[in-house]
Every structure is written in C-alpha cells, then in structure tokens.
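K.L.:
Sending over a structure as structure tokens; questions will come in a sec.
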Amino acid sequence: MPFGKRMKEVLKKLELTQISLAEKLGISNVVINRYIKGKTNPNYDFLNKLATTFNINITWLITGEGPMFPTRNIKSVGNREYFYLPILDGVSCGSPQEIDSAEPLDHIMMDTNSLSGDFNSYFAFYASGDSMEPYISNGDVVIIKQCDNWVAADERICVVRVEGEVTLKKVKSFADGKEILLQPFNKDYDPILLDRYTLRESLLVGIAVMSVRNL
C-alpha cells in the first residue's frame, strides 16, 4: 500500500481533515497534501511527529507492515522471541545529511530481551561516516529509541536534526539546557553548537541504545 493511502487511513481513523492534522503537527497542509498524493516522500521528522503525537506504529507508517497502532509483533525462534526493526537510510557520522526516504532499506531481527519497553518505539539507521569512531563505524546498524526530551538525552549518543539535516552525535547540555553541544568521538571532526536560537529549529529524533557492528 502506498504511503498516501496509509495517510488517508490515518485521517479516517483519527477523524481528522488534512488541515486539522497540519495544525496539530505544526506542518503546512500543502506538505501533507503532497505526501498523500505521492508527490514527495515524507521525511523522518514528519513520520516521528505523527507517530509520537497520535501513538501510531512507526513501522507501519514507514513500511505498511503490522498494525496501525502499536502492538507486540513477536516471532518465536526456538526458545527465544524476536521482533523486526526497519532500517532506514543512513544517518551521518560526519557532517549532517538529509534523510528523505520513507522506505526501509532492510530489517534487523532483535531479541526481545535486548530492548525494554514498547518495541514499536524503536527503529534503526545505518551509520554513515567515521565521526563516531572507534565506537560506531561506517555501516554499523544503530538502534534508536524515539525521544524528544533533551534532558533525557544529556551525555547520550543521539540522532538530531540540525537545520533540516540529520546527524549522529553525543549530546552535551549547557546553560541549563539552553545550549546543546553535539560532540563527535573522532577528533578530526568539530563539534556542533546549538545555541538558544538554532536549538529552536533543531529536533531530537531519538537516543541510541545499541549499535550492531557490520562485519
């Protein structure tokens, strides 16, 4: 099912018009209309905001797989239980880069004992670049838990959207949370400072909870 049809299902289920949805999400109705008509692929900001605002299963939004609303989609293998996470486009471990595609590149099977809480609040990115070396390498799969709370993100490795582009960095909070420093581990890269002005336009997408080395 195309993403536009899934969006129509969301509007019908939530009993919302495109205009009222746009108002609730703080997004232009023109943009939502382009998503519904398939003229533009929805970016992750929109998908994340839609999922968290209305408690919609982000895997369903991205792939059409599973139910519209979160549920424990578990598969048993032997005496263990697993669930599948969609792996989205690469998140930059270097200079920030744009992520537009809503289609998953792959999936990763996760043991239910490896992650806590609602499994539908997790997703995965391929790491792209070497700014987080030696801890996260190019091609590694990074498991992310959706979160928009900068306090919870302090001293954690996070996915952050800065000026419309996405990067993976360690978050360090200063000035009572009014300034955020995005720190690389690789000293060949400079940190990114989000002051009180740029912070308003930035978005915390989620906190990295695990990386899986791509051997």
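Where a number appears in this text, it was derived from the coordinates with a stated rule and is not lab data. Model, not experiment: these values are computed from the prediction. Note that we place each Cβ from the backbone using ideal geometry, even for glycine, and neighbour counts take in every protein chain shown.
K.L.:
Please identify, among ASN186, ASN57, ASN113, the residue showing maximal mean-square fluctuation in a Gaussian network model of the chain using a 10 angstrom Cα cutoff.
P.N.:
Of ASN186, ASN57, ASN113, the most mobile in the Gaussian network model is ASN113.
K.L.:
Using Cα pairs under 8 angstrom and six or more residues apart, how large is the relative contact order of the chain, in percent?
P.N.:
Working: 429 pairs, mean separation 34.9, N = 215.
The value is 16 percent.
K.L.:
Another question, then. In the Gaussian network model of the chain, springs joining C-alpha atoms below 10 Å, which of VAL151, VAL205, VAL171 carries the largest mean-square fluctuation?
P.N.:
VAL151
K.L.:
Please label the shape of region 3-63 as rounded, prolate or oblate, based on the square roots a ≥ b ≥ c of the eigenvalues of the alpha-carbon gyration tensor (a/c under 1.5 means rounded; beyond that, a/b larger than b/c means prolate, else oblate).
P.N.:
Working: a/c = 1.22, a/b = 1.05, b/c = 1.16.
Here region 3-63 falls in the rounded category.
K.L.:
Let me ask something else. Taking the DSSP beta bridges in the chain as the whole, what percent of them are antiparallel, to the nearest 5? Intermediate values should be presented prior to the final figure.
P.N.:
Numbers: 39 of 44 bridges.
In the chain, DSSP labels about 90 percent of beta bridges as antiparallel.
K.L.:
Rounded to the nearest 20 debye, what is the charge dipole size of region 75-212 about its Cα centre when +1 sits on each Lys and Arg Cβ and -1 on each Asp and Glu Cβ?
P.N.:
Details: 12 positive and 22 negative charges, 84 e Å.
Once rounded to the nearest 20, the dipole reads 400 debye.
K.L.:
Also, I was wondering about something else. Rounded if a/c is under 1.5, else prolate if a/b is larger than b/c, else oblate: which is the chain, with a ≥ b ≥ c the root eigenvalues of its Cα gyration tensor?
P.N.:
Cα axes put the chain in the oblate bin.
K.L.:
If the elastic network links every pair of Cα atoms under 10 Å, which of PRO86, PRO184, PRO67 fluctuates the most in the Gaussian network model of the chain?
P.N.:
PRO67
K.L.:
Still on this structure: Restricting to DSSP H runs of at least four residues, report the calculated mean residue ellipticity at 222 nm for the chain, -39500 (n - 2.57) per run over all residues, nearest 500 deg cm²/dmol.
P.N.:
Numbers: 6 runs with 49 residues, N = 215.
Result for the chain, helices only: -6000 deg cm²/dmol.
K.L.:
To make sure I understand, if each residue's beta carbon is the centre and we count other beta carbons within 10 Å, what order do CYS93, CYS158, CYS147 fall in, fewest to most? Write out the running numbers ahead of the final one.
P.N.:
Values: CYS93 29, CYS158 24, CYS147 20.
Ascending Cβ contact count within 10 Å gives the list CYS147, CYS158, CYS93.
K.L.:
If you don't mind, there's one more thing I want to ask. Evaluate the relative contact order of region 1-70 (contact order divided by residue number), counting alpha-carbon pairs under 8 angstrom at least 6 apart; express in whole percent. Walk me through the numbers before you get to the answer.
P.N.:
Numbers: 58 pairs, mean separation 19.8, N = 70.
Value for region 1-70: 28 percent.
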